[in-house]
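The values are calculated or read from the model by the stated rules, or taken from the named source; none is laboratory data. None of the values given here were measured: they were computed from a predicted structure. Cβ placement follows ideal geometry from the backbone for every residue including glycine, while neighbour counts extend to all protein chains displayed. Surface accessibility is based on the protein's heavy atoms, side chains included, excluding ligands, DNA and RNA. Shrake-Rupley method; radii C 1.70, N 1.55, O 1.52, S 1.80 Å.
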Amino acid sequence: MIAAIVARIVEFARHRAALVMAVCLILAVAAAVYAGGHLAVDTDIERMLPGNVAWRQNERALDEAFPQNNNLLVAVIDGRTPDLADQVAGELAEKMRDEPQLFTYVRQPDGGPFFDRNGLLFLTTEELDKVSQQLIAAQPLIGSLAHDPSLRGLFDALATFVSGAGTDKTAVAQLDPTLTMIGSVVQGIVDGKRRSLSWTQMMTGRKAEPRDLRRFVMTRPVLDFSGLEPGATARVEIRRLAAELGIGPDSGTRLRLTGPVALDDEQFATLREGALRSTVLSVVMVCAILFVALRSAKLVGAIIVTLAAGFMLTAGFAALAIGSLNLISIAFGVLFIGLAVDFSIQFSIRYRDQRYRVGTFPAALRGTALTIGPSLVLAAGATAIGFLSFVPTRYTGIQALGWIAGAGMIIAIAMNFLLLPALLTLLRPRGEPEPIGFRHIAPFDRWLIERRRWVIGGAALLAAGCLALLPYIAFDFDPLNLKNPNTESVSTARDLMKDPMTTPYTAEVLAPTLPDAQALAERLGKLPEVSQVVTAASFIPEDQDKKLPVIEDLTLLLGPTLNDPQPLPPPSDDEVLKAIAVCGDAMAKAGKPGSLAAKLGAALHAAAQRGPAIVPPLRDALLAGLLRRLDSLREMTQAKPLTLESLPPELRDSWIAADGRARIEVFPKGDARDNSVLERFVAAVHSVAPDATGTPVTIQEAGRLISRAFFDAGIVGVAAITILLCVVLRRLREVAMVLAPLLLAALLTLAVTVVFGMPLNYANIIALPLLLGIGVAFDIYFVMNWRAGQTYHLQSSTARAVLFSALTTLSAFGSLGLSNDPGTAGMGILLTISLACTLFCTFVVLPALLGPARTILVVEKQEAAG
């Protein structure tokens, strides 16, 4: 019945070829025009996940309470000294605040006026005592620099101190740390090297740790989701501002951008970079393989036009029914070409076979429809069901792909029964002089039948081995591993994750009030998987009653020194060179040969000999950050008791919402890049705070949801395809013959991922529905041939069609493996592996399972009986 219906459709297309072609192409162009004007690309990843699950609702509640913490772009500033990093971060933040049309929210989580004024209060009492003693000891130098904040003031102060010490070696030795630091910088500049003096270390005696050399500026930029890089404008503007401020290697500073916005933008850019190369390579390879398979430019042209028309109609359906493509459903084009080309190749090669057998074009076209039509209908139906099985899942991102790809399969088969025959009728390809198929493979074909028990036994052992490996399948939940590690945003994020205090992988909890948050934070802090817990209360220093008196004493001693009413004007270069020479002489007299003072004296004399040219690099190296550090000291000595009410609004609002709810941030202990560490961390936090959210929670929960969606879709798809096969084939053995090689190919694919250490992830898992679609189609072709009486399948035109169909699909998807994007490349590699496993099961296992055709068995039985 199906064969007769297909034959009538094909005959209709042949008799009215020009009309059918015109209607199909007009509809395709109209669909393409409509899609061009209405089909958008939505790059908002948040919309790919369902909003009605508990963890997403917790995530949304946190975003609504603290919108300023959502969709952040993070500027990471590194400096050769803490002063440089602090100064540059402050200047950049100020410039960004001046552009609210691009940056709706800007803050410095680790700097700014609040920390400048209250920094001493956040030290421990022991640290504060040490720092205060160091500042008191440095009072003469600080006073001189406050009066004359220049190179002249610096070298005059050093010369005065050393000269005043005279032969008092103890007094000179107290200056050794200062002489060491200044001498290293001066000698480095003389040698042509880049150096910077850390005034923070000079004044406090605290050696800078790596964390001290880094500052952050966080912003919530205005995003444009109509483009592939929604944050591109904001990122370009930050770099322009950085260039304006002179941020770069020459100034001893470095700017890097990361955060959710930069990570997503650079991933889209990476995908775009490799898209053109992959597309061109794929098209060239597909055309070449089609020509080798069909040996007719007319047939190849007809297939390409058919594919293009089907693609345009599918895009039009997507625009009409869905409206927008997400980052998963945008792959419908690749899937459509990879699967629809199989239908065209099967039809065209069967046409060639029929043309050789019957000779005339009309008879060949009708014979093609009668012989391959039912197989194509069943294959297209099974493939469409495989994709539509994603529609009932909870993974929003894959639902749209299910609708579009499922409809695309129906459109593809319609185009192959209407447009392709019409084009062949108009183009009239030449006749076939020789049989279509692989005659040279006949010995292997016979061997598979003669040794079928051995082949089936080997396949069973292979399946058992694969089943044993299934428990070791790994799923990588971390989306960061799907991004190009060479991009700035990813490399910066990984750098930050090395420090537990700066990792972006933190859990967050929303508590009803701050007291509730403090109580919950105390419980969370006791978990062995937690390294630190932060709330708004964390910004109220402890032991203020002990620290403030120490700061008040510093104010009495340093206040008059720091607040010079009449500082000197900047000196000329000649005055600076004179001060350098005088200081060099003083150092030479004060120290023995080889001493720190003598080394500094020699370096200063070498600098003075360079003349005025040495002054600018010395000024940049020695005075960068000095004025800011003096201002910070003035602010620090004005510290007052801190309470929750006295916190700046910007800081308080990032931890306490307008309705009083308080945010808790929980930092993991251990390497946050290790998925097992994150799993334990999330489980531990949820044991105390079930409503916790944040990046680690999203990674874990999204991973479970997506893997569950694919599992459910696989079960639904296989069940639905089984029902379809039962209805059409009506024999359980034949249904089993279609499904068994498919399941073995799936087991083989999963086993290969285990053997080669290739975890499944959000990207490459899409190979599984493709495997379902291609595998069931290939198996159906062979089983339908077997029903028709064919025993030796590898010699048939069907085997040729399957092979070249697989090769074209391989070229379409294999080219993805060359992408710079790890997610896309991994998807291409796994698709290639799954296709290879499918071919093995179709060409080796399936013929052995089928065995001799029923007509041969009947003849053999009759001969034995006779």
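Considering only the range 581-628, how many residues are assigned to a helix (DSSP H, G or I), of a type outside the set (A, V, I, L, M) and within 22 Å of GLY143 (Cα to Cα)?
Our first condition is that a residue be assigned to a helix (DSSP H, G or I); within the range 581-628, this holds for 581-590, 596-609, 611-623, 626-628.
Restricting the remaining residues to those that are of a type outside the set (A, V, I, L, M) gives 583-585, 589, 599, 601, 605, 609, 611-612, 616-617, 619-620, 628.
Filter once more, keeping what is within 22 Å of GLY143 (Cα to Cα): 583-584, 619-620, 628.
Summing the residues that are assigned to a helix (DSSP H, G or I), of a type outside the set (A, V, I, L, M) and within 22 Å of GLY143 (Cα to Cα) in the range 581-628 gives 5.
Going through the range 515-552 one residue at a time, which ones are open to solvent by 50 Å² or more (accessible area, probe 1.4 Å) and assigned to a helix (DSSP H, G or I)?
PRO515, ASP516, GLN518, ALA519, GLU522, ARG523, SER538, ASP545, LYS546, PRO549, GLU552 - these are the residues of the range 515-552 that are open to solvent by 50 Å² or more (accessible area, probe 1.4 Å) and assigned to a helix (DSSP H, G or I).
In the range 217-239, is there at least one residue being in a strand (DSSP E or B), at pLDDT 85 or above, open to solvent by 20 Å² or more (accessible area, probe 1.4 Å) and of a type outside the set (S, T, N, Q)?
Yes, some residue in the range 217-239 is in a strand (DSSP E or B), at pLDDT 85 or above, open to solvent by 20 Å² or more (accessible area, probe 1.4 Å) and of a type outside the set (S, T, N, Q).
Would you check which residues across the range 727-772 are farther than 18 Å from VAL845 by Cα and either out of contact with any helix residue (DSSP H, G or I) (no Cβ under 9 Å at 6 or more places or on another chain) or open to solvent by less than 10 Å² (accessible area, probe 1.4 Å) (or both) and list them?
VAL727, LEU729, ARG730, THR753, GLY757, ASN764, ILE765, ALA767, LEU770
Here are the criteria: (1) open to solvent by less than 30 Å² (accessible area, probe 1.4 Å); (2) out of contact with any helix residue (DSSP H, G or I) (no Cβ under 9 Å at 6 or more places or on another chain). Tell me which single one PRO569 does not satisfy.
Result: PRO569 fails condition (1) only.
Is at least one residue of the range 841-854 at pLDDT below 85 and open to solvent by 20 Å² or more (accessible area, probe 1.4 Å)?
Taking every residue of the range 841-854 in turn, at least one turns out to be at pLDDT below 85 and open to solvent by 20 Å² or more (accessible area, probe 1.4 Å).
Here is a check on your reading of the model: is PHE813 surrounded by fewer than 24 Cβ atoms within 10 Å (Cβ to Cβ), under 17 Å from VAL284 (Cα atoms) and not hydroxyl-bearing (Ser, Thr, Tyr)?
On the way: surrounded by fewer than 24 Cβ atoms within 10 Å (Cβ to Cβ): no; under 17 Å from VAL284 (Cα atoms): yes; not hydroxyl-bearing (Ser, Thr, Tyr): yes.
No; evaluated as a whole, the condition is false for this residue.
Select, from ALA442, ALA459, the only residue that is over 30 Å from ARG8 (Cα atoms), open to solvent by less than 30 Å² (accessible area, probe 1.4 Å) and touching a Cys at 6+ places or on another chain (Cβ under 9 Å).
ALA459
If a residue must be open to solvent by less than 20 Å² (accessible area, probe 1.4 Å) and either closer than 30 Å to ASP224 by Cα or part of a strand (DSSP E or B) (or both), how many such residues does the range 109-123 contain?
2
Take the residues of the range 375-390 that are out of contact with any Gly (no Cβ under 7 Å at 6 or more places or on another chain) and open to solvent by 20 Å² or more (accessible area, probe 1.4 Å): which is nearest to SER344 (Cα to Cα)?
Once the filter is applied, the top-ranked residue is VAL377.
Results for (1) under 30 Å from LEU154 (Cβ atoms); (2) aliphatic (A, V, I, L, M), shown as yes or no for each residue.
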position: LEU618; (1), (2): yes, yes
position: LEU627; (1), (2): yes, yes
position: PRO649; (1), (2): no, no
position: GLU665; (1), (2): no, no
position: GLY670; (1), (2): no, no
position: VAL677; (1), (2): no, yes
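How many residues, within the range 603-638, are farther than 22 Å from SER198 by Cβ and surrounded by 18 or more Cβ atoms within 10 Å (Cβ to Cβ)? Before you say what the answer is, go through the steps one by one.
To start, the set of residues in the range 603-638 that are farther than 22 Å from SER198 by Cβ comprises 605-606, 608-613, 638.
From what is left, the residues that are surrounded by 18 or more Cβ atoms within 10 Å (Cβ to Cβ) are 608.
Number of matching residues: 1.
Any idea which of (1) free of Cβ contacts under 8 Å to residues at least 12 places away in the same chain; (2) in contact with a Ser or Thr (Cβ under 6 Å, 6 or more places away or on another chain) is the one ALA517 doesn't satisfy?
All conditions pass for ALA517, except number (1).
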